[in-house]
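Worksheet for the structure shown next.
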Amino acid sequence: MAELGEEIPVAVITGASSGIGLATADALLRAGYRVAFFSHQPERVQAAAGALSASYGAERIRSAVVDLRDPEAVPRFFGELAAHWPTPSVLVCNAGYSPKRNGGRIPIAEIDLADWHEVLAINLTGALVCCQCVLPAMAERRYGRIVFIGSLAGRTMPKIAGAAYSASKSGLAGLARSIVSEYSQFGITANTITPGRIVTDMTGPTDSLVNKEALTRVPIGRLGRAEDIARAVAFLAAPDADFLNGAVLDINGGEFTPP
């Protein structure tokens, strides 16, 4: 468990009603954190909050329906959180949106600018706004852990994802480096995890044609699980991970191994 004096530390996770986000909430709760999370789907938020509360106690969970496309919704969430809980020690920017056409990428020449802006609003601008909401208080407290969930599609030539998704996920690593430059002196670290193909609601069932093809590229012989990423987040969130800063952590079963 992360220790900050006698206080139970707080972690905030975006897009945590399912998949990697929900697995991360579970991992951080098991590590001893209080967890506040949000997503834009009311039914999923309610279901996730109920399941987590049943396992860890409702007093350690706060949830909300927040749309990252709304520039006022995120500051409102953090303002309401501050009225009940201390400054977050951990921020995990996990929310992601990847539009498809017939299950595949939308060609660059055919991307509608409204769709482009929507993807960036959720995947990149939303992460920036979340950081703006927590960084000043983290700096005053001289402690913070920020973890961005990027994508293999932002690290190498995308196989399935479109240009908007790839560009937005690449941008998270740049945002992390900027945070490192400005905020490391305040005890704040920022790192990016870039998952390979993870079986979630967004990527579809394991036996889909897309996932079967993806499996052929993974040397260890299986696709990723949400828990694979959640464990890495829990490590990066810990106080003793302070020397790991500005890193990009590839978790893909060996599919992509940069020199």
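The values are calculated or read from the model by the stated rules, or taken from the named source; none is laboratory data. Note that this is a predicted model, so its numbers are computed, not measured. Ideal geometry is used to build each Cβ from the backbone, glycine not excepted, and the neighbour counts take in all protein chains shown.
Please go through the stretch 248-259 and pick out each residue that is within 30 Å of residue 143 (Cβ to Cβ) and either buried (at least 19 other Cβ atoms within 10 Å of the Cβ) or in contact with an Asp or Glu (Cβ under 9 Å, 6 or more places away or on another chain) (or both).
250, 251
Condition check ((1) farther than 30 Å from residue 29 by Cβ; (2) under 15 Å from the mean Cα position of the chain (by Cα); (3) not in a strand (DSSP E or B)) across all residues:
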site: 156; (1), (2), (3): yes, no, yes
site: 181; (1), (2), (3): yes, no, yes
site: 217; (1), (2), (3): yes, no, yes
site: 235; (1), (2), (3): no, yes, yes
site: 249; (1), (2), (3): no, yes, no
| field | Any hit, the stretch 223-233, residues being at pLDDT 90 or above and assigned to a loop (DSSP other than H, G, I, E, B) | value | yes
| query | Would a scan of the stretch 105-128 turn up a residue that is under 19 Å from the mean Cα position of the chain (by Cα), closer than 15 Å to residue 22 by Cβ and of a type in the set (A, V, I, L, M)? | reply | no
| Is there any pair linking a residue in the stretch 56-69 that is closer than 21 Å to residue 121 by Cβ and without any contact (Cβ under 8 Å) to a residue 40 or more places away in the chain to one that is assigned to a strand (DSSP E or B) and of a type in the set (A, V, I, L, M), with Cβ under 9 Å and at least six apart or on different chains, and which? | 64/36
| query | Has the stretch 56-63 got any residue that is surrounded by 20 or more Cβ atoms within 10 Å (Cβ to Cβ), farther than 26 Å from residue 240 by Cβ and modelled with pLDDT of 95 or more? | reply | yes
| request: Scan the stretch 83-124 residue by residue and report those that are surrounded by 19 or more Cβ atoms within 10 Å (Cβ to Cβ) and more than 29 Å from residue 210 (Cα to Cα). | output: 87, 88, 89, 90, 91
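Let's see how each residue does on (1) touching a Lys or Arg at 6+ places or on another chain (Cβ under 6 Å); (2) of a type in the set (S, T, N, Q); (3) buried (at least 19 other Cβ atoms within 10 Å of the Cβ); (4) under 22 Å from residue 11 (Cα atoms):
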site	(1), (2), (3), (4)
198	no, no, yes, no
216	no, yes, no, no
233	no, no, yes, yes
240	no, no, no, yes
246	yes, no, no, yes
| Out of all the residues in the stretch 105-154, which are farther than 16 Å from residue 70 by Cβ and of a type in the set (Val, Ile, Thr)? | 106, 108, 111, 134, 146, 147, 149
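Yes/no per residue for (1) surrounded by 16 or more Cβ atoms within 10 Å (Cβ to Cβ); (2) among the small types (Gly, Ala, Ser):
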{"position": "140", "(1), (2)": "no, no"}
{"position": "144", "(1), (2)": "yes, yes"}
{"position": "149", "(1), (2)": "yes, no"}
{"position": "160", "(1), (2)": "yes, no"}
{"position": "175", "(1), (2)": "yes, no"}
{"position": "181", "(1), (2)": "no, yes"}
{"position": "184", "(1), (2)": "no, yes"}
{"position": "190", "(1), (2)": "yes, yes"}
{"position": "195", "(1), (2)": "yes, no"}
